[in-house]
Structures are given as C-alpha cells and as structure tokens.
Amino acid sequence: MPKRAIIPAEFKQAAEALNMSPGILSGDHLFLTGTAGGDAQGQISPDPEAQFRRVFDKVALVLHAADLEMDAIVEMTSYHVGLRDHFDLFDAVRLEYLNAPYPAWTAVEVAGLRREGAIVELRVVASLAANG
C-alpha cells in the first residue's frame, strides 16, 4: 500500500510552507508529525495547560481527517522543555483525552523546540485497525 498524506484544511498552509505532512498513512498506521501547542495563527500561549490542550486538539484534527479517534493512538512520544515543572499537569490533561488501554508513551526532556515559547511537542502513531 503506498503512503498517503493526511492534511486537514486547518494545516494546509503550514504543511505547504514547511513541505511536510501533518500525517502519513502507511500500511495499517497513521504517523503524525510532532505538533506544538500553537493556535491557528501560530501563536503560543504562555499558559502550559492551554498549550497541552491545543496539542491534543491538533492531534485529534489530524486523526479525524483520517476517520480515526483518539483511541486509535497506539504510541506517543512527548518532548518537554522543563519536564519536571509541568509533568503532572501534562499527565492530567493527557488523561482527559485518552482512555484505557492507554498508548505506549515516552516522555523526553529537551533543551528546546522549534517554536519559540513551546514547552511541549507531541508525536503519535495511530492504528487503522482501531476502526474496525
């Protein structure tokens, strides 16, 4: 099966400007590009909770464009600037979006992210088998 880009309308301009796909369908999985908590205009809130919610909402947009729900996520990697400062809050928000059985998860502390002011970036892999 050839790979296919998943580009929700909300991400079309950014995808074209960055020459990337928000998601790639390959085989039985959807691989999502890492996403930070910026809004539609690319603005990053200084509020960690707002960033965390925006990250999960953006992941949901890409999943929905592939007719998947959050329960399709099988693996996630989160990259954090100041991980210990906000891990508990991130985890609480994560649990509002995800249900058991929870995806495999690796949380990594990093020195910085591409988006100025971003404190988290989330990358996920989802299974198409979750649909059916």
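The values are calculated or read from the model by the stated rules, or taken from the named source; none is laboratory data. Please read these numbers as outputs of a predicted model, since none were measured by experiment. Cβ coordinates were reconstructed from backbone atoms using ideal geometry, including for glycine residues, and neighbour counts include every protein chain displayed. Ligands, DNA and RNA are excluded from the accessible area calculation, which covers all protein heavy atoms including side chains. Shrake-Rupley method; radii C 1.70, N 1.55, O 1.52, S 1.80 Å.
Return yes or no: is VAL124 under 26 Å from ARG4 (Cα atoms), in contact with a helix residue (DSSP H, G or I) (Cβ under 8 Å, 6 or more places away or on another chain) and open to solvent by less than 20 Å² (accessible area, probe 1.4 Å)? It is true that VAL124 is under 26 Å from ARG4 (Cα atoms), in contact with a helix residue (DSSP H, G or I) (Cβ under 8 Å, 6 or more places away or on another chain) and open to solvent by less than 20 Å² (accessible area, probe 1.4 Å). VAL124 meets each of the listed conditions (1) touching a strand residue (DSSP E or B) at 6+ places or on another chain (Cβ under 7 Å); (2) in a helix (DSSP H, G or I); (3) under 23 Å from ALA65 (Cα atoms) apart from (2). Of the strands (runs of 3 or more DSSP E) lying entirely inside the stretch 24-114, those containing at least 1 residues that are in contact (Cβ under 8 Å) with a residue 24 or more places away in the chain and among the hydroxyl-bearing types (Ser, Thr, Tyr) span 73-80, 104-109. I want to confirm something. Restricting to the stretch 92-120 and keeping residues that are among the charged types (D, E, K, R) and surrounded by 14 or more Cβ atoms within 10 Å (Cβ to Cβ), which single residue is farthest from the chain's Cα centre (by Cα)? Filtering the stretch 92-120 for residues that are among the charged types (D, E, K, R) and surrounded by 14 or more Cβ atoms within 10 Å (Cβ to Cβ), the one farthest from the chain's Cα centre (by Cα) comes out as ARG115. Of all the criteria given as (1) more than 17 Å from SER127 (Cα to Cα); (2) open to solvent by less than 80 Å² (accessible area, probe 1.4 Å), the one not satisfied by SER26 is (1).
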